[in-house]
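Enquirer: The following block contains the structure, expressed as structure tokens.
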Amino acid sequence: MRDPILVIMAAGMGSRYGGPKQIDPVGAHGEILIDYSIYDALKAGFRRVVCILTKRIEADFKEILGDRLGRICEVRYAYQTGVLPEGFAPPADRAKPWGTGHAILSCGDLIDAPFCVINADDYYGPGAFRSMYDFLRHAEEPEEYAMVGYRLSNTLTENGHVARGVCTVEGGWLRDIHERTHIERRDGAPAYTENGEWFPLSPESTVSMNLWGFTPGIMPELERQFHTFLREMLPRDPRGAEFFLPEAVRCLLAAGKVRVRVFPSEDRWYGVTYRQDKPAVERAIAEKTAGGVYPADLWEEFER
């Protein structure tokens, strides 16, 4: 079996942030947030990386990260575009990508081993990558996946709302997951809105931050589900509908096709969902560097 692959979803437009947040520096020497996830992944054992981009940010991404990363490990690129499968026509004025499930489909030709999926604009913590690499390195069951679950209270921003996959976990296995695209604190407690109504959430809820471990067998399942999604949603919401990765996993769980291990993490999430989030992320990274979690020169040991 070939070495596991780290897949980085970096094609999001950063609309709430107001720009390409994936490449905005947060470290003292110009490091961007994904630098720290890649560092943690390399320390855990990953040596193969696939970056999912859009052409709009390709040049900047490669200049800031890709060229340096290519000197350290194997790096390949995939591109999430608006092109749809034969028989489906996207609206001419749609700008946003088709969601995280579609992003994974866009790199299918590059996947020849078990792989880990992460967002480019989230901080996950070193332990998450150690757990996932160990799982993928020993993955023998093609229908067994994994995810790292976080405590909801550790994943909220003070500056607006976030999207999270809210999970039901029993005995270390994922039983159900629902993508909630608008979660925020209301009167000091987390809640989500749906169809104009608000529903409370326990701060102790386990949520997905899109840190998944899959085998290549998920690709044909995603392709099948994406066709179903387009048939149902393209007529209803052609400009806004998104094919979410957690929803694809939920459908596979409901059909009894897969099992998903859940590795709990007590790490606090840091992310740049909004521009106002950046100072808090900068402080957290500075504290972790001062505390020895990260070296001052992040890449020195890998570039020797």
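The values are calculated or read from the model by the stated rules, or taken from the named source; none is laboratory data. Fair warning: this is a prediction, and the values are worked out from it, not measured in the lab. No Cβ is skipped: glycine too gets one built from the backbone with ideal geometry, and neighbour counts run over all protein chains shown.
Enquirer: What residue, of ILE104, ILE118, is closer than 28 Å to ALA286 by Cβ, under 11 Å from the mean Cα position of the chain (by Cα), modelled with pLDDT of 95 or more and among the aliphatic types (A, V, I, L, M)?
Expert: Within the list ILE104, ILE118, the selection yields ILE118.
Enquirer: Right, something else. Can THR181 be described as closer than 24 Å to TYR145 by Cβ, among the polar types (S, T, N, Q) and outside any loop (DSSP other than H, G, I, E, B)?
Expert: Yes; evaluated as a whole, the condition is true for this residue.
Enquirer: From the list PRO235, PRO220, exactly one residue is over 26 Å from ARG275 (Cβ atoms) and in a loop (DSSP other than H, G, I, E, B). Which is it?
Expert: None of the other options fit; the residue is PRO235.
Enquirer: List the number of the failed condition for ARG68; all other conditions in (1) within 22 Å of PHE135 (Cβ to Cβ); (2) modelled with pLDDT under 85 hold.
Expert: Exception for ARG68: condition (1).
Enquirer: On to the next question. I need every pair where a residue in the stretch 134-155 that is at negative phi has its Cβ under 7 Å from the Cβ of a residue that is among the basic types (Lys, Arg) and crowded, with 20+ Cβ neighbours inside 10 Å, sequence separation at least 6 or different chains.
Expert: So the pair list comes out as LEU152/ARG164; THR155/ARG164.
Enquirer: Moving to a separate point now. Could you please let me know if THR273 is at pLDDT 95 or above and either of a type in the set (S, T, N, Q) or assigned to a strand (DSSP E or B) (or both)?
Expert: Numbers: at pLDDT 95 or above: no; either of a type in the set (S, T, N, Q) or assigned to a strand (DSSP E or B) (or both): yes.
No; evaluated as a whole, the condition is false for this residue.
Residues are listed down the side, and each one gets a yes or a no for (1) surrounded by fewer than 20 Cβ atoms within 10 Å (Cβ to Cβ); (2) assigned to a strand (DSSP E or B); (3) in contact with a Phe, Trp or Tyr (Cβ under 9 Å, 6 or more places away or on another chain); (4) of a type in the set (Lys, Arg):
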{"residue": "VAL169", "(1), (2), (3), (4)": "yes, yes, no, no"}
{"residue": "LEU174", "(1), (2), (3), (4)": "no, yes, yes, no"}
{"residue": "THR193", "(1), (2), (3), (4)": "yes, yes, yes, no"}
{"residue": "PRO203", "(1), (2), (3), (4)": "yes, no, no, no"}
{"residue": "PHE229", "(1), (2), (3), (4)": "no, no, yes, no"}
{"residue": "CYS251", "(1), (2), (3), (4)": "yes, no, no, no"}
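Enquirer: If you don't mind, there's one more thing I want to ask. Do you know which residues across the stretch 54-80 are among the basic types (Lys, Arg) and either in contact with a helix residue (DSSP H, G or I) (Cβ under 7 Å, 6 or more places away or on another chain) or buried (at least 20 other Cβ atoms within 10 Å of the Cβ) (or both)?
Expert: ARG71, ARG76
Enquirer: Which one of the conditions (1) in contact with a strand residue (DSSP E or B) (Cβ under 9 Å, 6 or more places away or on another chain); (2) modelled with pLDDT under 95; (3) of a type in the set (A, V, I, L, M, F, W, C); (4) in a helix (DSSP H, G or I) does ALA11 fail to meet, given that it meets all the rest?
Expert: (4) is the only condition that ALA11 fails.
Enquirer: While we're here: Can you tell me which residue is surrounded by the most Cβ atoms within 10 Å (Cβ to Cβ) among those in the stretch 148-167 that are under 17 Å from the mean Cα position of the chain (by Cα) and among the polar types (S, T, N, Q)?
Expert: THR155
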